Amino acid sequence: MQFSTKNFIGKGGFGLVFNGVLSDGSVVAVKRILESNFQGDVEFCNEVEIISNLKHRNLVPLRGCCVVDDDDEKFNDRGSQRFLVYDYMPNGNLEDHLFLVSEQQKLKKSLTWPQRKSIILDMAKGLAYLSCDACVHGDVFIV
Ligand SMILES: Nc1ncnc2c1ncn2[C@@H]1O[C@H](COP(=O)(O)OP(=O)(O)OP(=O)(O)O)[C@@H](O)[C@H]1O
């Protein structure tokens with residue numbers, strides 16, 4: 001399965017993220033998992049099912065997943081490609097808003113302290129919801 005580079009949004013620790021549109025017209029972010037050979041397809045789908053049932057206003061909704069068998073283009077030792085499909089968040093990532101690194105970003109107004117406090121409280125509410133549901137996030141860092 002190929003994605004056009006013009007739809008590339010960003011890269012994270014686990015894969016590349018592309019912009020896409022579903023048949024119902026909704027805009028999504030599709031993450032192509034690059035390093036997924038630590039678990040099998042069944043475990044992967046089970047975990048995705050659990051996560052897709054989590055609903056909270058401060059968590060990006062996971063719409064679903066896709067596992068494609070592809071022997072020609074191996075992405076892991078099982079020969080399958082894995083994709084996670086999320087609602088598309090149009091305002092960019094939080095790190096860029098917090099740190100305004102690029103020249104283009106520096107032209108924007110930096111977040112005020114009350115805005116930053118509100119963001120961190122919202123993050124804490126999202127994490128509290130996850131911990132109540134006995135999920136381990138494992139990908140939140142304090143910098
Ligand atoms: N749902 C989304 N909507 C819009 N853009 C997204 C979405 N998810 C990810 N992105 C973009 O893709 C980039 C990579 O996201 P990803 O979740 O893979 O990694 P990360 O969380 O930024 O980093 P890491 O996985 O290393 O912790 C993000 O920085 C963001 O710009």
Which of the residues that make up segment 45-56 are in contact (Cβ under 8 Å) with a residue 12 or more places away in the chain and in a loop (DSSP other than H, G, I, E, B)? 54, 56
Give segment 8-37 a look and list any residue that's within 8 Å of the ligand (Cβ to nearest atom) and touching a strand residue (DSSP E or B) at 6+ places or on another chain (Cβ under 9 Å), or say none. 9, 10, 11, 12, 14, 15, 16, 17, 19, 28, 29, 31
Complete set of residues in segment 84-114 that are exposed (fewer than 11 other Cβ atoms within 10 Å of the Cβ) and either at pLDDT 90 or above or touching a Pro at 6+ places or on another chain (Cβ under 8 Å) (or both): 90, 112, 113, 114
Can you pull out every residue in segment 126-141 that is on the phi < 0 side of the Ramachandran plot and either at pLDDT 95 or above or assigned to a loop (DSSP other than H, G, I, E, B) (or both)? 133, 135, 136, 137, 139, 140, 141
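The values are calculated or read from the model by the stated rules, or taken from the named source; none is laboratory data. Since we're looking at a predicted model, the values are computed, not measured. Cβ: placed from backbone, ideal geometry, glycine included. Neighbour counts: every protein chain shown.
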